[in-house]
Amino acid sequence: MRISVIGCGHLGAPHAAAMAELGHEVIGVELNPATCRVLQSGRGPFFEKGLDDLLQKYVPTGRLRFTGDLMEAAEFADLHFIAVGTPLREDGRGYDMEQVFGAVSALAPLLTRPCTIVGKSTVTVGTVARVQEIIADRAVDGVDLVWNPEFLREGHAVEDTLHPDRIVAGVSSAEAQKAIEAVYAPILGRGDVELIVTEPATAEVIKSAANSFLATKISFINAMAEVCALAGADVKTVAHAIGVDHRIGHAGMRPGIGYGGGCLPKDLRAFTHRLDEIGATNAVALLQAVEGVNRGRVDAAVELVKEAVGGSGLAGVRIAFLGAAFKAGTSDVRNSPALELARRLVQAGARPVVHDPEAMETARRLHPEHTYADTLAEALDGADVTVLATEWPQFGEDTELPASAARTVAARRLVDVRTCVDPRDWVTAGWTVWQLGRPVRSPQP
Ligand SMILES: NC(=O)c1ccc[n+]([C@@H]2O[C@H](COP(=O)([O-])OP(=O)(O)OC[C@H]3O[C@@H](n4cnc5c(N)ncnc54)[C@H](O)[C@@H]3O)[C@@H](O)[C@H]2O)c1
């Protein structure tokens, strides 16, 4: 099929590349000229596993191309994915829908033949009806609308697009359903992915419900970390033991400094606001509690760092601060709890030097207020305490880091706020290890 992807950010760029991999001819439309130029050169504008490979495979052949010109896409494609951003409004009261309404309003009058518009952006309940009105007002007859929310995980965006757990399509006509079946035919043909066809309002709620559940699971295990810290128990063992029950599971059960990124924080806030508007009081109370637990995680991490340096305050304490991305696998630092922790440590008088394997460029650009080190060795050099703030595998289990870092730091104190190392490896190399909701581990005298 000939398709367009309008908005080529963290969702749209991997989606466009994955659609080319499925065999479609794809045009990506990106308003930001710098992002568009990088994509045209066959590279990803951010770190995302597998994205560069697909861009290098398909951009030179012309099967995948990028433009800033919406008219080119309108003329070329029979199906248009809308993958623009839905940031939180400045006052926090729901999404700023300008990009979605703006993109559809601009596209609709350019369409000259029947086609399908497929919304992928995360939107709040009631949005599809408004987009439908824009199409009815501005487009020729025969333009169908589908809402097809996206569930990909950043860091696995390409893989998740090509191998989704399910495909949800909120449709209002048989033609719209046919278009979705056609564009995803190579995936659906494998027979192991369910296509869940529903009316648009249900598709909207499915996406918000999925993100709310994921955030709830993270806050649940983080609340248990708080319990374990007070009870002298070990939350990692609790997470493992309860997760063995298949009704609970292990996924998303790693205690830490809470969720962040470009999705969960804003989606929870926007959904809660909408639920409040429609009077879903129990759901509002639940999601407010989830958000409250999440906010408290950075406070808990600051206290742990203070504990690690002996309770004498953080003024002047030199910190090797490992991690800037909001989670491993991405260079995205939007709402990164790692950088929020770094900010709070600076506020308390400490001197964190931040190093991240993939997010240095983004972090420097968006948060120039921090001190950065290009290399891990530079970050560790002379540190009074090492804080592990993003769960990159190169900082985690089965690395040489405990022994190599021990040689350059001033003191062997590790505060792992992502619960991602095996403390025994570090204790063997002479470190004392603090983790949220776990007993402190020190070398035996
Ligand atoms: N990032 C994720 O992992 C993820 C996962 C699932 C769903 N989503 C949802 O996908 C949507 C996009 O998120 P994102 O993280 O990719 O945001 P993003 O900010 O990274 O990307 C949005 C892109 O759209 C471009 N854009 C805006 N208006 C445009 C227009 N009229 N024409 C062409 N380009 C335009 C922007 O320049 C930007 O590059 C959001 O609704 C988000 O909630 C994101």
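Details
Quick grid of which residues meet (1) among the β-branched types (Val, Ile, Thr); (2) under 26 Å from Arg269 (Cβ atoms):
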residue: Ala308; (1), (2): no, no
residue: Arg343; (1), (2): no, yes
residue: Asp381; (1), (2): no, no
residue: Val387; (1), (2): yes, no
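- Residue satisfying condition, being touching a residue at least 24 places away in the same chain (Cβ under 8 Å) and crowded, with 16+ Cβ neighbours inside 10 Å, within set Ala201, Ala239, Ala157: Ala157
- Applying the set (1) within 22 Å of the chain's Cα centre (by Cα); (2) open to solvent by less than 40 Å² (accessible area, probe 1.4 Å) to Ala406 leaves exactly one unmet item: (1).
- Checking each residue in the stretch 149-168 for being outside any loop (DSSP other than H, G, I, E, B) and either away from the ligand (no atom under 13 Å from the Cβ) or of a type in the set (A, V, I, L, M) (or both) picks out Ala157, Val158, Leu162, Arg166, Ile167, Val168.
- Search result, residues across the stretch 71-112 that are farther than 16 Å from Val128 by Cβ, near the ligand (Cβ under 8 Å from one of its atoms) and assigned to a loop (DSSP other than H, G, I, E, B): Gly85, Pro87
- Of the helices (runs of 4 or more DSSP H) contained entirely in the stretch 169-285, those carrying at least 3 residues that are more than 24 Å from Gln132 (Cα to Cα) and not assigned by TED's automatic domain parsing to the domain that holds Ala17 fall at 200-231, 235-243, 264-278.
- Selection of the stretch 86-117 for residues being closer than 12 Å to Gly7 by Cβ and either crowded, with 19+ Cβ neighbours inside 10 Å or touching a Phe, Trp or Tyr at 6+ places or on another chain (Cβ under 6 Å) (or both) yields Thr86, Gln99, Val100, Ala103, Val104, Leu107.
- Val317 being away from the ligand (no atom under 16 Å from the Cβ), in contact (Cβ under 8 Å) with a residue 60 or more places away in the chain and in the same structural domain as Val387 (by TED's automatic domain parsing): yes
- Filter result for Val59 (within 13 Å of the ligand (Cβ to nearest atom) and either open to solvent by less than 10 Å² (accessible area, probe 1.4 Å) or modelled with pLDDT of 95 or more (or both)): no
- Test: residue in the stretch 29-38 that is more than 12 Å from the ligand (Cβ to nearest atom), of a type outside the set (Lys, Arg), in a helix (DSSP H, G or I) and under 21 Å from the mean Cα position of the chain (by Cα): no
The values are calculated or read from the model by the stated rules, or taken from the named source; none is laboratory data. Quick caveat, the model's predicted, so the values are computed rather than measured. With ideal geometry, Cβ positions are generated from the backbone for all residues, glycine too; neighbour counts draw on all protein chains shown. Side chains are part of the model used for accessible areas, which takes the heavy atoms of the whole protein and leaves out ligands, DNA and RNA. Shrake-Rupley method; radii C 1.70, N 1.55, O 1.52, S 1.80 Å.
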